[in-house]
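Bear in mind that the values in this text are calculations on the coordinates, not laboratory data. What you are looking at is a predicted structure, and each value in this text was computed from that prediction instead of being measured. Cβ placement follows ideal geometry from the backbone for every residue including glycine, while neighbour counts extend to all protein chains displayed.
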Amino acid sequence: REALAASASTLTFKELPHGYDEYMHVADGYNAGVLIRWGDAVTAGAPDFDVNNLTADAQKTQFGYNNDYIGFFPLPQGSNNSTHGLLAINHEYTDRHMMFDGIGEDDLAKQTKEMVDVEMAAHGHTVIEVKKDGDTWTVVPGSQYARRITALDTPMELTGPAAGHDRLKTSADSTGRKVIGTLNNCAGGETPWGTVLFAEENFHGYFKGTLENHPEKRNYERYGIKDASRYAWADHHDRFDLNKEPNEANRFGWMVEYDPYDPNSVPKKRTALGRFKHEGATTIVNPDGRLIVYTGDDQRFDYVYKYVSNGTVDTEDRAANGDLLDDGVLYVGKFDADGTLMWMPLVHGEGPLTAENGFNSQADVLIETRRAADLLGATPMDRPEDVEPNPATSTVFMMLTNNTKRKDEQTDAANPRAANKHGHVIEMIPPGGTPAVRDHASQEFTWDIFLMAGNPANPEDGAQYASGVTENGWLSCPDNVAFDKKGRIWITTDGAPKSGLADGVWAADVEGHGRALTRHFFRTPRGAEMCGPCFTPDDTTLFVAVQHPGDESGSSFANPVTRWPDFTPGMPPRPSVVAITKKGGGVIGS
Ligand code: FEO
Ligand code: CA
Ligand code: CA
Ligand code: CA
């Protein structure tokens, strides 16, 4: 079967066996090296990491926690250099029980303000300059580009139709245009002009306060905000208390754009892309020059969105693209059983998006994107994670990670499995026939199921791949995705350990006999999830993010289930970015 699979696929690497242990593993013939770990120096003057004496001041200069999205930006800007560039990396969230000795997962009340500030400084984003010498990537120390963006103290602007609205004003910001920091930065994407788009995903978990008689009750409830925070931040910072600062939560849940080549650029929360639990956002230039952005709302029974700019991309002048993400139309997807995908515009005054339903302006539509999409009858999906165009086919792949809450009577053609514990992948196909002319601005696409994850040996899984998938080739819980220059799909997973295998990387062709014939390439140490797959322009390096290593039930700072990657007594596991190259050089996967 391995031989059959190998012959059907263009991917030539020998598959890695499924497994679950303390270490990372990559397919034979490849190197996997740790590039940067939580606590390593980022900006000039960063102190040495001292895990037993964490301070916010140190953390603001050091690599943050739980690395997720990775983007590679060649140096010099505008080149295709694959041996020197910038890495832009998200830090999604923090795990207090793996960061602080003696603090359990539920010990919020024991946390000091300094601990909270460390957590806030460990969230956000990092820019590092990286160089390849032989097979080895290293971080350039003290780079002029090095930067930390945090939840604690990075000023940001709100731009687009909702900016300046009363619902975005707070006691600290009477303009409704200035925010401090960013939350839960999960996945992201790049614009064609070389800026980063990073997501604010599970922003609801940082706030607390009673919603009884709260002016934003209906809005906040739709996003799952409760009077019980996952963090102790509201105990030390009033802005996370919904009763002291009723609008602060409206200033999160956006997509953020900034320029990684300018360490002084002010990140902009682009409200035209909607407010929800953005997994990430990816872009493609339409044949008519307009910018298209795809973005998923990662929650059970939430939706997939597409944004179409009104203006066109200027390929000569980077600065001329500044407003493309402020002026355009946001659409939400409706999947019909006949294979049609309709994109429905979220425009104030159209259909049900009127004052009668509480939408007095486009700002209201964007602040309550989910409720607007509910009224339009969008299709509730099995948790849309990465949604990304494949440049080779100009079709769009959506990772639906899982949805164990879907009942039999709630299944539909695009979400066909009840209690969907393994997730699936959908291909969305813009009209046009050939990649060069596919019209991503069209309101009518077609769609198809690319694969149904799960174990093909278990009939009850209802898995679907190409025939010939091996006992190691099946995967569970697709989350992030990347495409190589040949158009092959590289999927990373979040949740496979529930099925007894480690999260990792699986790759497949998207056309021919090897379409959806997934093959196992890399796996994480126990407790981790795999995020951020990112190729250099020449496909000779694949960067991946090992997130929350060792985070298993019962694991802690003092007694972790793995001490990857240091394996030093007293040092807990550290989320890290890993660079994968082929031994002797060459294209990943070949
Ligand atoms: Fe942060 Fe949807 O994963
Ligand atoms: Ca994650
Ligand atoms: Ca994710
Ligand atoms: Ca996930």
**Prompt:** Using the 10 angstrom Cβ neighbour count as an exposure proxy, how do Cys477, Cys531 rank, fewest first?
**Reply:** Cys477, Cys531
**Prompt:** Can you list the equivalent-ellipsoid semi-axes of the chain, largest first and in whole Å, using the square root of 5 times each Cα gyration tensor eigenvalue?
**Reply:** 32, 30, 24
**Rounded to whole Hz, the Karplus (6.51, -1.76, 1.60) HN-Hα couplings of the range 305-322, x for glycine and proline** = 10, 9, 10, 10, 6, 7, x, 10, 6, 9, 7, 8, 10, 3, 5, 5, 8, x
**Complete:** So for the range 433-581, using the alpha carbon gyration tensor with a ≥ b ≥ c as root eigenvalues (a/c under 1.5 gives rounded; past that, a/b versus b/c decides prolate or oblate), I'd call it prolate
**³J(HN,Hα) computed for each position of the range 166-180 - Karplus, 6.51 cos²θ - 1.76 cosθ + 1.60, integer Hz, glycine/proline x** = 3, 5, 9, 8, 9, 5, 7, 9, 6, 8, x, 10, 10, 10, 9
**Antiparallel content of DSSP bridges confined to the chain, in %, to 5** = 95 percent
**Message:** Checking the a/c ratio against 1.5 first, then a/b against b/c, what shape does the Cα gyration tensor give for the range 122-228?
**Reply:** prolate
**Proxy reagent accessibility, fewest Cβ within 10 Å first, across Glu388, Glu471** = Glu471, Glu388
**Asked** For the range 29-107, what class follows from the C-alpha gyration tensor (a ≥ b ≥ c being the square roots of its eigenvalues): rounded when a/c is under 1.5, otherwise prolate if a/b is larger than b/c, else oblate?
**Response** prolate
**Message:** Can you list residues from other chains, or at least 5 along the same chain, whose modelled amide H is less than 5 Å from the amide H of Leu35?
**Reply:** Val577, Val578, Ala579
**Prompt:** Summing Lys, Arg as +1 and Asp, Glu as -1, what charge do residues with Cβ under 15 Å from the Cβ of Phe535 carry, Phe535 excluded?
**Reply:** -1
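Hey, with R₀ at 35 Å, roughly what FRET efficiency would Lys244 and Asp101 work out to, going by the Cβ-Cβ distance, to 0.05?
Values: r = 32 Å, r/R0 = 0.90.
After rounding, the FRET efficiency stands at 0.65.
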**the range 419-537 - share of DSSP beta bridges that are antiparallel (%, nearest 5)** = 95 percent
**Prompt:** If you count, for each residue, the other Cβ atoms within 10 Å and average over each peptide, how do 93-102, 352-361 line up from highest to lowest?
**Reply:** 93-102, 352-361
**Prompt:** Under 5 Å between amide H atoms, partner at least 5 residues away or on a different chain: which partners does Glu190 have, H built in plane at 1.01 Å?
**Reply:** Leu197, Thr283
**Message:** Report the gain in length on full extension from Ala413 to Thr340: 0.36 nm times residue separation, minus Cα-Cα distance, nm rounded to one decimal.
**Reply:** 25.2 nm
**Complete:** HN-Hα couplings for the range 210-225 via Karplus (6.51, -1.76, 1.60; θ = phi - 60°), in whole Hz with x for Gly/Pro, come out as 7, 9, 4, 6, 6, x, 9, 3, 4, 4, 5, 5, 5, 9, x, 6
